[in-house]
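A quick write-up on the structure given underneath.
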Amino acid sequence: MRQYFVANNREELPFNRIERGWIYASAKKENNYEGFGTDRDIYAHQHVFINNAMLPFKINAEHPNSLDKTFLPCAKVMGAYNKRRKPYRPASIINVSAMSFGSLSAKAIESLNKGVKIAGAYHNTGEGGLSPYHKNGGDVVFHFGTGYFGVRAADGGFSMEKMVQLVEDNPFIRAIEVKLSQGAKPGKGGVLPGAKITSQIAEIRGVEVGKDVLSPPNHKAFSTIPEMVDFIEAIAEKTGLPVGVKAAIGKLGQWEELADIMVKTGKGPDFITVDGGEGGTGAAPPSFADHVSLPWVYGFSDLYKLFQSKGLTERIVFIGSGKLGFPAKAAMAFAMGADCINVAREAMMSIGCIQAQICHTNRCPSGVATQNKWLQNGIDPTLKSERLSQYFKTFRKELVEITHATGYEHPCQFKMTDVDINVDDHNLSKELDKTYGYIKTPVPFSGMQVLKDCQYLGGNR
């Protein structure tokens, strides 16, 4: 009732009606255009403007985007610098962020995995372990946190033997991500209510049926930054896969310590996923979601500046996560130094989420974030996988079009000066480099055809 009779089109949070409508229409391959001009307040604080070129980038008949308007792989290769045995170039710059089986339903996970296979993207498992529903053909990034679900030893710690076996048994796992923190509740352990713990979830995670699952705030496998680097290198050596970390950003002291170790030793994460402190799919106390850690633009700019000052940006694939699932926001993120975008809530909406905001209660009316079998009947994985795929393809198509309008071939070529952001009126508006105080390191890029021919390219080619 509030959505349709009380709130206006631009009023609601986290996602307003216009944003949700764009995702729904894009996922259904319906008309997602607007008529009669924008109804946004384009003079509002932090409104983003992309500076188009006088003459757009021109493609010929043989260009990959002439043949496939949705072709848009990552310009960087995970694990290339550290010479991992199995480097990985994501075949899509937009991918499914970390959402676990348990917090999401079986049919939702199945829909997402089948969808990324169609779209040529990857599916991050979230920290709930690798379920049967992640095994429908899509590339997978295996993610684990302090609970080590799926690679959990008898004492609740990390088992390298289980990790190696998992990778050997599932060759579609293309990279591994260690969760340090998440935007919803950085520095606080996760909770999966006992009402959501079925026998299947308990088996996958190695926990008890019907009992709340508490992930501690700290890792057992390491307690210092040097130990974390050794842990990352050990996993990469044993599995051959690129290994990265995910975190929401606050204090920078330990990040600087990590950067110094990487400079000194040549070791460290192959990719870094920066999560926005605005919160996400994870349930959290309002005090955390509202106040702990920085929003994505502030956190990412702080971290990127730090790693750039150490000369490390070229060896890391930077992944942005935090309400970036819209082409213009993604263009801004690429201009700031992101190489890929992960989406969580936007992906959920593409398969039917209505933003009821009761994900933590097991009563999700759309069947996306519940283990209730009856509620899950609202999800048809065959249909919803096509919706997720179409949303990704529409997103990439529109981002390519924005990129061409700006005079470039690939979003990695965006410069900080290509995007303005309102800080007051136009006399005080600043380009991104002046707003955030750095200039993005240029990404090596020789053309889309080179990316298309790359031997490391993942996805369903």
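Since every read-out is calculated from the coordinates, none of them should be taken as a lab result. Just so it is clear, the model here is predicted, and its values are computed rather than measured. Backbone-built Cβ (ideal geometry, glycine too); neighbour counts: all protein chains shown.
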*Largest first and in whole Å, give the semi-axes of region 41-452's equivalent ellipsoid, each being the square root of 5 times a Cα gyration tensor eigenvalue.*
32, 25, 22
_Part-to-part distance (alpha-carbon centres) for region 89-142 and region 311-386, which is given in Å_ = 11
_Within the chain, helix-based [θ] at 222 nm, where runs of 4 or more DSSP H residues each add -39,500 (n - 2.57), nearest 500_ = -9500 deg cm²/dmol
*Dipole of region 41-452 (Lys/Arg Cβ +1, Asp/Glu Cβ -1, origin at the Cα centre): which of VAL274, SER287, LEU306 lies farthest to the positive side?*
VAL274
*What residue among HIS134, ALA221, ALA247 has its Cα farthest toward the positive end of the dipole of the chain, where the charges are +1 on Lys, Arg and -1 on Asp, Glu, each on the Cβ?*
HIS134
*So how do GLU30, GLU127, GLU398 line up by other beta-carbon neighbours within 10 Å, fewest first?*
GLU30, GLU398, GLU127
*asked:* Taking the number of other C-beta atoms within 10 Å as the exposure measure, put CYS454, CYS74 in order starting with the fewest.
replied: CYS454, CYS74
*Place a label point 7 angstrom from the Cα of VAL191 along the Cα-to-Cβ direction, then list the residues of region 331-371 whose backbone nitrogen is under 15 Å away.*
359-362
*Looking at region 41-452, send over the antiparallel percent of its DSSP beta bridges, to the nearest 5.*
25
*Size of the dipole of region 41-452 about the Cα centre, Lys and Arg at +1 and Asp and Glu at -1 on the beta carbon, nothing else charged, in debye to 20?*
740
*Theoretical FRET efficiency, 1/(1+(r/R0)^6), r = Cβ-Cβ of GLU256 and ASN218, R0 25 Å, to 0.05*: 0.80
_Positive-end residue of ASN16, VAL116, PRO381, charge dipole of the chain with Cβ unit charges_ = PRO381
*When DSSP assigns beta bridges and you keep just the ones with both residues in region 115-178, what percent turn out antiparallel, to the nearest 5?*
10
*asked:* Test of understanding: ordering HIS47, HIS123 by Cβ neighbours within 10 Å, fewest first, what list do you get?
replied: HIS47, HIS123
_I want the local charge near TYR133. Using Cβ-Cβ distances under 12 Å, sum +1 for each Lys or Arg and -1 for each Asp or Glu among the other residues._
+2
